[in-house]
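The values are calculated or read from the model by the stated rules, or taken from the named source; none is laboratory data. Not measured: the values here are computed from a predicted model. Please note: Cβ atoms are built from the backbone with ideal geometry, for glycine as well, and neighbour counts cover all protein chains shown. For accessibility, only protein heavy atoms count, side chains too; no ligands or nucleic acids. Shrake-Rupley method; radii C 1.70, N 1.55, O 1.52, S 1.80 Å.
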Amino acid sequence: MKRIATDEVQDFEIEHQNIVRKYAPESMVLLKNDNILPLNHSGKIALYGNGARNTIKGGTGSGDVNVRHFVTVEEGLEQAGFEITTKNWLDQYSKLKADYVKKFKADLVTKAKAEGKDVWGATMGVTPLEPDYDLDLSSSSQTDTAVYVLARDSGEGADRHVERGDIKLTKTEVHDILSLVKQYKKFVLVLNVGGLVDLSEVKDQVPAILLMSQLGSATGNALADVLLGKSYPSGKLAMTWAPIDQYPSSGNFGDINDTYYKEGIYVGYRYFDSMNIIPLYEFGYGLSYTSFKLETEAVKADSKKIELNVRVSNVGNTAGKEVVQVYYSAPDAVMDQPYQELATYAKTKELTPGEEQVLNLTFNTNDMASYDQENAESILGNGDYLIRVGNSSRNTKVVAKANLDQDTVIEKFKHIGGKTNFNDFVPNEKTISYPSEAEEIANAPEFSLQSKDFEVKENHYPKPTFNAKDNDKQIDWSAVINGDETVEDFIASLDNETITYLLTGNYEKGKSLFMVGNAGATVAGSAGETTHQLTKWGVRSLVMADGPAGIRLSTSYTLDEKGKAHALASEFGDSAGVPKEDYKQENTTTYYQYCTAIPIGTAIAQSWNPEVAEKYGDLVGAEMQLFGIDIWLAPALNIQRSPLDGRDFEYYSEDPLISGLNAAGITNGIRKHPGCTTTIKHFAANNQETNRVYSNSVINERTLRQIYLKGFEICLENSEPLAVMSSYNLLNGVHTCNRYDLLTDALRNEWHFNGFVMTDWLVTSSFISNEGKYTCASAAQDVATGNDMTMPGLEEDTETILKALRSGELTRADLEIAASRILKVVLKIKTAERS
Ligand code: BGC
C-alpha cells in the first residue's frame, strides 16, 4: 500500500487510462454501417445528443467509480483533432439539462419528505427521464458529418422505465435524429447506454449505429479511435435487443412482493429463437469494419467433449477481430428444450486483410445436459444434438450432429431453492429456421454417443463440522501464520462475543454502520471491512471496496492520529449515514486515491473475450494493491433477465456461460496480485431493484440451476474467488442469505467453494425502506445457513447472534464454522502478502 501525498497525475493513472483506451473498442458493437464508418479524417464535425458533453462513463450507485477525470465524447473528439461546429447546441443543452435535473432532484426530496420517507432510500438510483426540448439543429459552419450521442443512465435502487426518455427514445430524440439524417451526408448514431434502448423508430433511416456503451475513464478517446479507424469495433451483443414488450419477463417484472419467473429457462435468445420472434438485434450480433469467412474444418465428439477447429479468414479490406460462437440444440426427448444454447466461443487475434486463424473450440458433452427437477438429476436425453457454428445467434450453420442412444443421467443432486406454485412456460410456437437448415442437418457429419460411456456423478451433502483441540489459553495469530497452530484452534481460544465480532463486519460497540458504500475505516471511501476487534491478537482487518467498473474510493482523504482515514471530497455526500465531520480535518496531510474506471460489466461481456476481462482484472488488482484493498466487491454476474433491471449495466449477459466466464476472467486477473481477491455477487436471482431488499424471486428449480446459478458455478470452475456476496432478494420466500440449500448445499457441497459468504449491505436491518409484505433477513439464520458475515456491522446483528446462541437457535460450533471460513481467507491473503 502506498499513500500518495500529491495531487499530480501518477504514472499508473496514465498507464491504466491507456489500457482502457486500447481494449475498449473490443466492447463496442457496430449495429449498422451503410458505408459511413470509419470516417476518413478528423476535421469539422457536428456533435449532438445528451451524451456528447454529459457522457456517461458508467451507471450510478455503489458501482460508480470516483475518478479524477474521464474523457467525454466532446473531449475525446477534440483531442483527436476534430473541430466541433455545434458548441452552441451543446452549451444550450447542458444548461437546460442541468436546470431540469436540479429541479427533478429537489422535487424528489420534497416529495419524499412530504410522504415521511427516508430521503436517501427514496432517491437512490432514481434517474430522471430524458426531457423533451426544442433546440436549433443548424450547425454554425459547414461539415457533412454529424455524430449524435444518445445516453441513458441508471443505477442501484431503482429500475428503468418503459417510457420515452428511458427505454424508448423521446419525441425530441426521434425528431432530431431523423432530421439530422437528412441534413448530413454522413450521420452516425452513437449509443452511450448501459442496456437496451428501443431503436424501432429510427433504426431503418439511420445509416450508421455504434453501440459505444459506457467505457469508463477513456470513453471519449476510445470512441475517437474507432470513428477514425485507428481502431475498430469488435464487440457483439451479450443480450438480445428487442422492443420491451416482446421480452418474456415483461409481464412479470418489478413486483414489490413476488416476481414470478414464469418464462423459466426461456430468457433472452432462448426465448426469441424458440418463439421465432425477430428481435431488433439478436444475441451475439455485431458488425465489423471488415468481413470474415468462417469454415469449420474438423469436429470431434465423444462422451467427454465436443471439439471443433474453425478457420476464420479476413476477406475484407481492413483489420478486425471476429468471434466464433458455437451453439447446441438438444433433443426434447426428456423435457422441452430451447432452439439453441451457447456452448462455447472464442475471439480471433487481430486479423489483417487476407490473414487467417484456426480457432480450436471445445466444450464438455455433459454441458448439454438439462436438469430434471422431478428427480433432481442432470440428464442428457436420447436423440440428435446439433452443433451450430457462426458469428451471431441468427447466423449459424449446422456443422455436426451427435446422436445419443439412450436417456443418460449424468449427475445426481439434492433439491434446492424451494418450490413455486406454477409450471414454467413451454414454447408451443415453431422455432426459427432458415432455408438451408434442413439440408445442413441432413449432411452434417454424425457422431454416435453411447450411454454406457458416461459416468454418473453423485453429489454428497455433509453438514459442516468444527474440530479444535481442547485448550484454555489464548493463541496468537502469528502462531497460525507460522503453521504452529490451526485456524480452528485459534478460534476455539476466543470467547463468544469476540467470534460474533468477526461475523458482523466492522462493528464497534455503540457504533452501528448504517451506511451503504462507505463503511470502511482504514481506506477512505471503501465499502466495508472485517472487524478490528482481533488486532490485539494479530489478526488484521480485510478492507473491501466496491466495483464492478473499477474501485470505488474517495479521491482524497486525511488520516487522524489513530490512523483512521477520513474522506475529504464529498463524493458520498448523498450517501447514507456518512458523518459530515468526516469530510474535513484541518492541518493534516491530504492523500489522493484516483482510481481508473474500467468499462461497465455489460461492455466487458460485449468483448466476448475473457482475456479482456482478465486484463481489466489485472488493472484493478494493481490499484487494489496500491490503495490497500484486499477484497473487491465485484464482479456482479446476475443474469440480465429483463432490460428494465436498473443494475443490468453492472451485469454481463442474459447467458450464464458469458456471465461465468467474464467473472472468472476478472477474478483471474485480480488474483495475479498477491493478497487480492474478488467477491462474486449477488448470489442469486437479484434481477430487479424495485423494493430490492424485500422482493421475492419466485423460480422453479430447473430454471434456477440452469440460468440463475449457472454463471456462479462456471465462475468457480474457472477461477478462485475467495468471497461470495449473497443477494438482497428472497428466493421462493426466504432471503438468499438465510438459505442453507443455496449457501451450503449448492455453493460448498456441489461446487466446493472454499471462501466465505457475506451479506449485501443492511439486508438484516429495516433501515432500507420497505413497501411490501416481506421482512428483512435474520442475522442468526445467516450464521446457521452458511452466510458467514453480516455486513456492514450493526449492533442489532451482534445482539441477534448472541441471543440466538443463548436460546439454542445457534450453537457455538455454528459460530466457529463461520468464523473459520473468514479467518482462512484472512490467512490466505496474509500468506499471499508474505510470499
Ligand atoms: C450493493 C452492493 C454493494 C454494497 C456495498 C449495496 O447497496 O447492492 O452491490 O457491494 O452496497 O457498497
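Taking the options 554, 575, name whichever one is modelled with pLDDT of 90 or more, within 16 Å of the ligand (Cβ to nearest atom), assigned to a loop (DSSP other than H, G, I, E, B) and of a type outside the set (Phe, Trp, Tyr).
Working: 575 fails: modelled with pLDDT of 90 or more.
On inspection, the qualifying residue turns out to be 554.
Scan region 464-490 residue by residue and report those that are on the phi < 0 side of the Ramachandran plot and free of Cβ contacts under 8 Å to residues at least 24 places away in the same chain. Show your work before the answer.
Taking region 464-490 first, the residues on the phi < 0 side of the Ramachandran plot are 464-482, 484-490.
Of everything in region 464-490, those that are on the phi < 0 side of the Ramachandran plot and free of Cβ contacts under 8 Å to residues at least 24 places away in the same chain turn out to be 467, 469, 470, 471, 472, 473, 479, 482, 484, 485, 486, 489.
Run down 362, 318 and say which single residue is part of a strand (DSSP E or B) and open to solvent by 50 Å² or more (accessible area, probe 1.4 Å). Before you say what the answer is, go through the steps one by one.
On the way: 318 fails: part of a strand (DSSP E or B).
Only one candidate qualifies: 362.
Six or more apart or on different chains, Cβ atoms under 6 Å: show the pairs whose first residue is in region 712-731 and closer than 23 Å to residue 260 by Cα and modelled with pLDDT of 95 or more and whose second is within 16 Å of the ligand (Cβ to nearest atom) and assigned to a helix (DSSP H, G or I).
726/736; 726/737; 727/736
Would you say residue 588 is at pLDDT 90 or above and among the β-branched types (Val, Ile, Thr)?
On the way: at pLDDT 90 or above: no; among the β-branched types (Val, Ile, Thr): yes.
It is false that residue 588 is at pLDDT 90 or above and among the β-branched types (Val, Ile, Thr).
Take the residues of region 323-341 that are under 24 Å from the mean Cα position of the chain (by Cα) and open to solvent by less than 10 Å² (accessible area, probe 1.4 Å): which is farthest from residue 444 (Cα to Cα)? It would help to see each step written out before you state the result.
Within region 323-341, the subset under 24 Å from the mean Cα position of the chain (by Cα) is 323-327, 340-341.
Right, trim to open to solvent by less than 10 Å² (accessible area, probe 1.4 Å) and you get 323-327, 340.
Working: 323: 22, 324: 18, 325: 18, 326: 15, 327: 15, 340: 17 Å.
In this case the residue turns out to be 323.
Given the conditions (1) over 26 Å from residue 278 (Cα atoms); (2) among the hydroxyl-bearing types (Ser, Thr, Tyr); (3) touching a Leu at 6+ places or on another chain (Cβ under 9 Å), report the number of the one that residue 385 does not fulfil.
Going through (1) over 26 Å from residue 278 (Cα atoms); (2) among the hydroxyl-bearing types (Ser, Thr, Tyr); (3) touching a Leu at 6+ places or on another chain (Cβ under 9 Å) one by one, residue 385 breaks only (1).
Residue-wise test of (1) exposed (fewer than 13 other Cβ atoms within 10 Å of the Cβ); (2) modelled with pLDDT of 95 or more; (3) more than 18 Å from residue 387 (Cβ to Cβ); (4) not hydroxyl-bearing (Ser, Thr, Tyr).
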| position | (1), (2), (3), (4) |
| --- | --- |
| 442 | yes, yes, no, yes |
| 462 | yes, yes, yes, yes |
| 465 | yes, yes, yes, no |
| 470 | yes, no, yes, yes |
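Take the residues in region 715-727 that are open to solvent by less than 20 Å² (accessible area, probe 1.4 Å) and in contact with a helix residue (DSSP H, G or I) (Cβ under 8 Å, 6 or more places away or on another chain), then tell me which one is nearest to residue 601 (Cα to Cα). Spell out the reasoning first.
Pass one, region 715-727, residues open to solvent by less than 20 Å² (accessible area, probe 1.4 Å): 715, 719, 721-727.
This time we only want the ones that are in contact with a helix residue (DSSP H, G or I) (Cβ under 8 Å, 6 or more places away or on another chain), so: 715, 719, 721-724, 726-727.
Working: 715: 15, 719: 17, 721: 17, 722: 20, 723: 19, 724: 17, 726: 19, 727: 18 Å.
So, considering only residues that are open to solvent by less than 20 Å² (accessible area, probe 1.4 Å) and in contact with a helix residue (DSSP H, G or I) (Cβ under 8 Å, 6 or more places away or on another chain), the one nearest to residue 601 (Cα to Cα) is 715.
Residues of region 650-672 being within 15 Å of the ligand (Cβ to nearest atom) and farther than 16 Å from residue 283 by Cα, which ones? Walk me through how you get there before you give the answer.
Kept after step one, since they are within 15 Å of the ligand (Cβ to nearest atom), are these residues of region 650-672: 650-652, 663, 666.
Answer for region 650-672, where residues must be within 15 Å of the ligand (Cβ to nearest atom) and farther than 16 Å from residue 283 by Cα: 650, 663, 666.
Do any residues in region 757-778 that are over 13 Å from residue 734 (Cα atoms) have Cβ atoms under 6 Å from those of residues that are away from the ligand (no atom under 13 Å from the Cβ) and outside any loop (DSSP other than H, G, I, E, B), where the two are at least six apart or on different chains, and which pairs are they?
Short answer, once both residue conditions are applied: 757/743.
Quick one: residue 48 ticks every box in (1) under 23 Å from residue 170 (Cα atoms); (2) within 16 Å of the ligand (Cβ to nearest atom) except a single one, so which number is it?
Every condition holds for residue 48 apart from (2).
Mind listing whichever residues of region 1-47 are assigned to a strand (DSSP E or B) and in contact with a Pro (Cβ under 9 Å, 6 or more places away or on another chain)? Steps first, answer last, please.
Taking region 1-47 as the starting set, the residues that turn out to be assigned to a strand (DSSP E or B) are 4, 29-33, 44-47.
Correct list: 29, 30, 32, 33.
Just to confirm my filter: which strands (runs of 3 or more DSSP E) fall fully inside region 621-704 and include at least 3 residues that are crowded, with 24+ Cβ neighbours inside 10 Å? Write out each step before concluding.
Values: elements: 631-633, 677-683, 696-698.
Answer list for region 621-704: 631-633, 677-683.
Just checking: which of the helices (runs of 4 or more DSSP H) contained wholly in region 442-519 hold 2 or more residues that are more than 16 Å from residue 538 (Cα to Cα) and away from the ligand (no atom under 16 Å from the Cβ)?
Working: elements: 477-481, 487-492, 496-502.
Fully inside region 442-519 and qualifying: 496-502.
Tell me the residue from 384, 367 that is open to solvent by 30 Å² or more (accessible area, probe 1.4 Å), closer than 18 Å to residue 403 by Cβ, at pLDDT 95 or above and assigned to a strand (DSSP E or B), please. Step through it out loud before you land on a result.
Values: 367 fails: assigned to a strand (DSSP E or B).
Of 384, 367, the one residue that is open to solvent by 30 Å² or more (accessible area, probe 1.4 Å), closer than 18 Å to residue 403 by Cβ, at pLDDT 95 or above and assigned to a strand (DSSP E or B) is 384.
Return yes when residue 686 is under 29 Å from residue 251 (Cβ atoms) and within 13 Å of the ligand (Cβ to nearest atom) and no when it is not.
Yes.
Just to check your reading of the model, which residue among 53, 68 is in contact with an Asp or Glu (Cβ under 6 Å, 6 or more places away or on another chain), assigned to a loop (DSSP other than H, G, I, E, B) and either within 16 Å of the ligand (Cβ to nearest atom) or open to solvent by 50 Å² or more (accessible area, probe 1.4 Å) (or both)? Please lay out each step first, then the result.
Details: 68 fails: in contact with an Asp or Glu (Cβ under 6 Å, 6 or more places away or on another chain).
Among 53, 68, only 53 is in contact with an Asp or Glu (Cβ under 6 Å, 6 or more places away or on another chain), assigned to a loop (DSSP other than H, G, I, E, B) and either within 16 Å of the ligand (Cβ to nearest atom) or open to solvent by 50 Å² or more (accessible area, probe 1.4 Å) (or both).
Suppose we filter region 748-764 for residues that are within 16 Å of the ligand (Cβ to nearest atom) and not in a loop (DSSP other than H, G, I, E, B); how many remain?
So the answer is 3.
Can you tell which of 745, 782 is part of a helix (DSSP H, G or I) and in contact with a Leu (Cβ under 9 Å, 6 or more places away or on another chain)?
Working: 745 fails: in contact with a Leu (Cβ under 9 Å, 6 or more places away or on another chain).
Going through 745, 782 in turn, just one is part of a helix (DSSP H, G or I) and in contact with a Leu (Cβ under 9 Å, 6 or more places away or on another chain): 782.
So for region 698-705 (the condition being modelled with pLDDT of 95 or more and within 16 Å of the ligand (Cβ to nearest atom)), does at least one residue qualify? Quick ask: steps written out before the conclusion?
Initially, region 698-705 is screened for residues modelled with pLDDT of 95 or more, giving 698-705.
From what's left, within 16 Å of the ligand (Cβ to nearest atom): none.
Scanning region 698-705 turns up no residue that is modelled with pLDDT of 95 or more and within 16 Å of the ligand (Cβ to nearest atom).
Can you name the residue in region 705-714 that is among the aliphatic types (A, V, I, L, M) and open to solvent by less than 10 Å² (accessible area, probe 1.4 Å) and, of all such residues, is farthest from residue 826 (Cα to Cα)? Steps first, answer last, please.
Step one: list which residues in region 705-714 are among the aliphatic types (A, V, I, L, M), which gives 707, 709, 714.
So of that shortlist, the ones also open to solvent by less than 10 Å² (accessible area, probe 1.4 Å) come out as 707, 709.
Working: 707: 32, 709: 26 Å.
The extreme case among them is 707.
Kindly indicate the residue of region 1-30 that is open to solvent by less than 40 Å² (accessible area, probe 1.4 Å) and of a type in the set (S, T, N, Q) and also nearest to residue 627 (Cα to Cα) among those meeting that condition.
Top of the filtered list is 10.
Okay, residues lined up against (1) in a helix (DSSP H, G or I); (2) of a type outside the set (Val, Ile, Thr); (3) within 29 Å of the chain's Cα centre (by Cα):
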| site | (1), (2), (3) |
| --- | --- |
| 768 | no, no, yes |
| 775 | no, no, yes |
| 793 | no, yes, yes |
| 801 | yes, no, no |
| 810 | no, yes, no |
| 817 | yes, no, no |
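Which of (1) within 16 Å of the ligand (Cβ to nearest atom); (2) farther than 24 Å from residue 60 by Cα; (3) not β-branched (Val, Ile, Thr) is the odd one out, the single condition residue 540 does not satisfy?
Of (1) within 16 Å of the ligand (Cβ to nearest atom); (2) farther than 24 Å from residue 60 by Cα; (3) not β-branched (Val, Ile, Thr), only one is false for residue 540: (1).
Within region 496-537, which residues are out of contact with any Gly (no Cβ under 9 Å at 6 or more places or on another chain), surrounded by fewer than 17 Cβ atoms within 10 Å (Cβ to Cβ) and modelled with pLDDT under 95?
509, 510, 535, 536
Report, by residue number, each residue of region 772-812 that is farther than 25 Å from residue 257 by Cβ, open to solvent by 40 Å² or more (accessible area, probe 1.4 Å) and at pLDDT 95 or above.
Correct list: 799, 803, 806, 807, 808, 809, 811, 812.
Would you check if residue 357 is open to solvent by 30 Å² or more (accessible area, probe 1.4 Å) and closer than 21 Å to residue 233 by Cα? Spell out how you get there, then give the answer.
Values: open to solvent by 30 Å² or more (accessible area, probe 1.4 Å): yes; closer than 21 Å to residue 233 by Cα: yes.
Yes, satisfied.
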